[in-house]
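The values are calculated or read from the model by the stated rules, or taken from the named source; none is laboratory data. None of the values given here were measured: they were computed from a predicted structure. Don't worry about glycine lacking a Cβ; one is built from the backbone with ideal geometry, like all the others, and counts go over all protein chains shown.
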Amino acid sequence: MKAWKLAVLVLLAAVVAATLYGASVIRRGFSVHEPPSAFESTLARTIRSISIPKIDRDQQNPWKDAATPDVMADATAHWADHCASCHANDGSGQTAIGQKLYPPAPDMRLPATQNLTDGELYYIIQNGMRMTGMPGWGQPGELQNDGSWQLVLFIRRLPHLTPAELEQMKSLNPKSMMEMPPAETGPGDHSQPHTH
């Protein structure tokens, strides 16, 4: 078969596949209540992978050899206060917010996250991911953020957290005004900006 005929057949197959997929999306809608299809999940992971520049993907965590108990306590507190509302204390993503995102917050204990390089995790924390609920917490032009690198250390710990650690983290989670004792809900600004 000639090369141009093969190219036309491949293009035609792609158009047919896109048309069928488009028809199924139109038929079922764009609701976040449906889990992403295998195609969507694969496409999202592929786009995430190619969207992270190689120089960032290959970065090494400067805190890797400095993961003292104090550093890990700070990273744990940061996660519980800023990340757990979407990702859960245990990294499962099983929260009211995390499961209503599209795609839902991933289970960060699983290989799909744990197999990412430290540089990839840092890049995602700093820059976010378009068309997901993951915001970018870094500042434009910021060369290094120690808090984000420490979060990478914590993410590596997620599969190994003990029940006692998870219980302790509950006290570090943000509280709504309804959950606070009356003395803590007086006038004033109780919000804390997200900083690393």
Counting only helices (runs of 4 or more DSSP H) entirely within the stretch 1-104, those with at least 1 residues that are modelled with pLDDT under 85, surrounded by 10 or more Cβ atoms within 10 Å (Cβ to Cβ) and not basic (Lys, Arg) are 3-28, 38-51
Is there any pair with a first residue in the stretch 76-101 that is at positive phi and a second that is surrounded by fewer than 21 Cβ atoms within 10 Å (Cβ to Cβ) and assigned to a helix (DSSP H, G or I) whose Cβ atoms are under 6 Å apart and which are 6 or more apart or on different chains, and what are they? GLY91/LEU158
Residues in the stretch 167-176: is at least one at pLDDT below 95 and in contact with a Gly (Cβ under 8 Å, 6 or more places away or on another chain)? no
With the structure loaded, tell me whether ALA112 is outside any loop (DSSP other than H, G, I, E, B) and among the hydrophobic types (A, V, I, L, M, F, W, C) or whether it fails that test. yes
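Inside the stretch 103-126, can you point out the residues that are closer than 17 Å to THR46 by Cβ and among the aromatic types (Phe, Trp, Tyr)?
Residues of the stretch 103-126 that are closer than 17 Å to THR46 by Cβ, as a first pass: 103, 106, 111-113, 115-117, 120, 123-124.
Hit for the stretch 103-126 is TYR123, nothing else.
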Could you tell me which numbered condition GLU142 fails, if it satisfies all but one of (1) surrounded by 14 or more Cβ atoms within 10 Å (Cβ to Cβ); (2) part of a loop (DSSP other than H, G, I, E, B); (3) free of Cβ contacts under 8 Å to residues at least 24 places away in the same chain? (1)
